[in-house]
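First the structure, in the form of structure tokens, and then the observations on it.
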Amino acid sequence: MNNYVQKGDTVTHTVAGTAVISGQSLLIGSLFGVCATAAAVGEQVEVCVAGVFTLAKKSADTPAAFAKAYWDDTNKEVTTTASGNSLVGVFTEAVASGVTTAAVRLNGV
């Protein structure tokens, strides 16, 4: 395949605005992922866009297993609320109210 570029589980991003840390959730345009390493502004970072990650979750939400997970970029957390947020994957297990993290399988888009 002469047109193959890469597997696509990660993408390279040049950090703009503020530095990032390893494990930080990041919305880049329409693409959501988790930073593999720390990087300063102007440096490149690999962003994982596929896989299952523990992410900050809106405390009041009670998602069922495999419910759609949306990223609230204002509050930097996953939520079950679609309106105004970006679809990033699915919750891999049911999560109770009051819990502030959840395992999410990223959809890679």
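The values are calculated or read from the model by the stated rules, or taken from the named source; none is laboratory data. Note that the structure is predicted; figures quoted are calculated from it, not measured. Please note: Cβ atoms are built from the backbone with ideal geometry, for glycine as well, and neighbour counts cover all protein chains shown. We work out accessible area using only protein heavy atoms, side chains counted, and drop any ligands, DNA or RNA first. Shrake-Rupley method; radii C 1.70, N 1.55, O 1.52, S 1.80 Å.
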Exercise. Identify, please: which residue in the stretch 71-109 is at positive phi and at pLDDT 95 or above and is, among those, surrounded by the most Cβ atoms within 10 Å (Cβ to Cβ)?
Worked result: GLY89
Exercise. What are the residues in the stretch 55-77 that are without any contact (Cβ under 8 Å) to a residue 40 or more places away in the chain and part of a strand (DSSP E or B), if any?
Worked result: LYS68, ALA69, TYR70, ASP72, GLU77
For this session: State whether one or more residues within the stretch 29-41 are modelled with pLDDT of 95 or more, surrounded by fewer than 13 Cβ atoms within 10 Å (Cβ to Cβ) and in a loop (DSSP other than H, G, I, E, B).
Result: yes
Exercise. Out of (1) of a type in the set (Val, Ile, Thr); (2) open to solvent by 50 Å² or more (accessible area, probe 1.4 Å); (3) under 10 Å from the mean Cα position of the chain (by Cα), what's the single condition that is false for VAL47?
Worked result: (2)
For this session: Working only within the stretch 83-109, note down all residues that are over 18 Å from LEU31 (Cβ atoms) and not β-branched (Val, Ile, Thr).
Result: SER83, PHE91, GLU93, ALA94, ALA96, SER97, GLY98, ALA102, ALA103
Seminar exercise, completed: Only one of (1) of a type outside the set (Ser, Thr, Tyr); (2) buried (at least 20 other Cβ atoms within 10 Å of the Cβ); (3) farther than 16 Å from VAL34 by Cβ does not apply to ALA60, and that is (2)
Exercise. Mind checking which pairs have a first residue in the stretch 1-20 that is in contact (Cβ under 8 Å) with a residue 24 or more places away in the chain and a second that is loosely packed, with under 10 Cβ neighbours inside 10 Å and in a loop (DSSP other than H, G, I, E, B), Cβ under 7 Å, 6 or more apart or different chains?
Worked result: THR14/GLY42; VAL15/GLY42
